[in-house]
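A short worksheet on the structure shown next.
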Amino acid sequence: MEESERTALLALALNLVIFSLKYLAASVSGSIALKAEAFHTFADLVSSLTVIIGLKIAKRKTKSFPYGLYKIENLTSVIISLVILYSGYQIVLEVINSNPNELRNSGVAILSLLFSVIITFWFSWYEKKIGQKINSPILLADAAHIRTDVLSNTVVLSAVLSNLIGYQLDKIAALIIVGFIAKTGLQILKDGARVLLDASLDYETLNKVKKIILDTSQVSELIMLTGRNSGRFKFIEASIVLKTDDFSKAHFIVDKIENHIKHEIKHIDQVLIHYEPLKKDKIIYAFPLADDQSTISTHFGEVSFFMLVIFQSTDKVASKVEILSNPFSKVEKRKGILAAEFLIKNEVDIVIVKNDFESKGPLYVFANANTEVKLTQEETPQKALEELGLILFPSLDIQKCKVRKEDCT
C-alpha cells in the first residue's frame, strides 16, 4: 500500500473516532453547537472516503484513459474545497446564529473538544507533510480541510467556555475563522480548477526544462515547449531541431534529454519530445591557423586564430571567410575543450586539422555536437579545400585579424 493510501485510511479512521466522540458528547451535554460540529466531522468522514477513492482510481491507466486518471485527484480536491466552503457556511448558521443553551455535563463536552483539537491539529500537520513529500494535491487539500476543523473545534470550545462564564465571544471569533475558511477553500478550488482546465506548468519548471534542452549541444533550436499538471504528476511536451539527420543518434539524444529532465524535476510522468533534423542552407569549415593567419597550425587549443570558410549548401565555391581570434588560447586548463565549444557556438560543421587530437576532450565535444573532424596534410586552407573538391577564390579578400582580445572578421 502506498504512503498516500495509508495516510488517507488513517484520516478515515480518525474522523470516524472523532465523529463518534463528538456525537456522544453532544447527546450527553445537550449542546446544539457540538452536535452541529459532530455532523461537520461526518462531512470530513465523507471527504476522507472520497480521498481514498480518488487515490485508488487516479493511478489507473486504461485504453480509454491512456494518460491515467490522475486528474481524479484534482477533481476530488475541488470537491473538498466545496466542502470547506460549505463548512464555513455551516459554522455561520449553526454556531454564530445558534442560541445559547444551558449545558449538562459541560466537562465532557470540553474534554471531547480538546481531544479533537489536539488530534486534528497533529494529523493536519502530518498529512500536509506527507502531501508535500509525494506532491499529492488531494492530501494537501484534505490537510487544509482538517486545519479548518481545528478552527471550528476551537469556535465550539469557545462557545462552551463562554457559556459557563456568561460571555458570548464565539460570534466574533467565528466570523474571523469563516474568513480563513473561505480563503482556504477558494485557493484549493482555484488550484484544482487550473489543472482540470489544463493550465500551463509554472514558469520556474518550464524555464528549468528549457535550460536542460538548450544546454544540450546537439540541440540547434527549441521550437515549442508546453507542460501541464495532472494530479501530482507533470506532463511535458517539446519540439526541437537537432544537429543530426541520423535516426539512431537522434533517438539517443532525445532519450538522454528526457532522462535528464526526469532526474532534475520531481514527479514527471511523461516527457514527449518531437524532433526534426537541422536543415542548413550553409556549411561551415574551420581551420586552426598559425600566427601568419595563412597556414594551418599543427596545434589546436593554443592557436591564436581560427579561419571559418562558409559555403552555401549547393555551391562548391566559398561565399564568405571569417578569421576569429581564439579567446581561450591563453587559459591554463581545458583550452582544447573550450576552443571546441567556441567553434560549436559558431555553428561549425567540419573542423580540418593537421594532427589527431592528443586528448579525447575536443574530439568528444565535436562528436557530441555532430561536428565532423577531418585530417589534412596540406599547408594552407586553400589546398585543404581543393583536396575536398571545394574552391576558395584566390581573389577573395581575406582581411587579416590584428592581434586583439575581441573577435574580428
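The values are calculated or read from the model by the stated rules, or taken from the named source; none is laboratory data. Just so we're clear, the structure is a prediction, and the values are computed from it rather than from any experiment. As a convention, Cβ positions derive from the backbone with ideal geometry for all residues, glycine included, and neighbour counts pool all protein chains shown.
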Filtering segment 305-327 down to residues that are surrounded by fewer than 18 Cβ atoms within 10 Å (Cβ to Cβ) and either assigned by TED's automatic domain parsing to the domain that holds Leu214 or outside any strand (DSSP E or B) (or both) yields Ser313, Thr314, Asp315, Lys316, Ser319, Pro327
Has segment 231-250 got at least one residue that is part of a strand (DSSP E or B), modelled with pLDDT under 75 and not assigned by TED's automatic domain parsing to the domain that holds Tyr86?
yes
If I go through segment 263-284 residue by residue, how many of them are closer than 18 Å to Val219 by Cα and of a type outside the set (A, V, I, L, M, F, W, C)?
8
Hey, can you tell me all the residues within segment 263-304 that are over 26 Å from Asp246 (Cβ atoms), among the acidic types (Asp, Glu) and assigned to a loop (DSSP other than H, G, I, E, B)?
Asp291, Asp292, Glu302
Quick check on my filter: what residues within segment 256-314 are touching a Pro at 6+ places or on another chain (Cβ under 7 Å) and free of Cβ contacts under 8 Å to residues at least 60 places away in the same chain?
Ser297, His299, Val303, Phe306
May I ask you to list the residues in segment 347-366 that are among the charged types (D, E, K, R) and in a loop (DSSP other than H, G, I, E, B)?
Glu347, Asp349, Lys354, Asp356, Glu358
Taking Asp407 as the residue in question, decide whether it is at pLDDT below 90, over 19 Å from Thr295 (Cβ atoms) and not assigned by TED's automatic domain parsing to the domain that holds Gln293.
yes
Counting only residues in segment 367-382 that are in a helix (DSSP H, G or I) and modelled with pLDDT of 90 or more, the one nearest to Gln293 (Cα to Cα) is identified as Pro381
